[in-house]
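Notes for the one structure printed next.
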Amino acid sequence: MGDTQTGRPRGRRREADLNDARLMQAAREVFAEQGWDAPVSEIARRAGIGMGSLYRRYPSKELLAQRMRIVGMEQLVAQARTALTEEPDPWAAFDRFLREALSAQGPGGPLLPLVGGRLPATDEIVAAAARLRAVLDDLVGSAHRAGVLRADFTAADVPLLLEHLTPRIPVSDERATTLHLRYLDVILAGLRTSAAGGPTALQGPAPDWAELSELWNASEG
């Protein structure tokens, strides 16, 4: 009771959350730079966290990677839901989501492709993926129904688009984000429908969720 009243457990929880956020960012950067075989010790060093603390939370690299996948999907789900809730205009919601998702990727690039395909999906990952599919279907479907987004762009295109828009660039993190957003403007201009004339057809066929699920969840042989 005394600990709860003094706020110490809450403080420990806050510290644990901060450590976890640092670990996720460090792991994303290290895996992006060195690949899957990167040592866990480098992740701990870059996060400023001792190996003992890391292993108490994630006893293996595989468990850390599984958590990375969930964090990545949860982040996208939250951004999409916020955009849908706060932006009554479907195009504004679609535009806001892409900008916020792109800006939040960080110097390591997107979380999902870094660890997808390495490990089989857990029940928690399957549930997170279902939530992501549902909210992206809502976001893209709303823009389609409003007639502001070209009909041949699918919800399953969104994660791949974010991956293509966030290559590692040998510049400062701030400059890289600026460049990524610059090219997002080019993409958005091609995705928005216009009364001046219809857009040219996209290269097909479009990806679907089954294809993305196979790419992300297939373990290496």
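Each reported figure results from applying straightforward, stated rules to the coordinates on display, with no laboratory input. Because the structure is predicted, anything quoted here is derived from the model rather than measured. Every residue, glycine as well, gets a Cβ built from its backbone with ideal geometry; the counts of neighbours run over all protein chains shown.
Quick notes on this one:
- Annotation: peptides 89-101, 174-186, ranked by per-residue average of other Cβ atoms within 10 Å with the highest first, follow the order 89-101, 174-186.
- Burial ranking of peptide ranges 129-136, 49-56 (average Cβ count within 10 Å, highest at the top): 129-136, 49-56
- Legend: P(r) of region 21-103 from all alpha carbon pair distances, 10 Å bins from 0, whole percents, reading 17, 39, 22, 17, 4.
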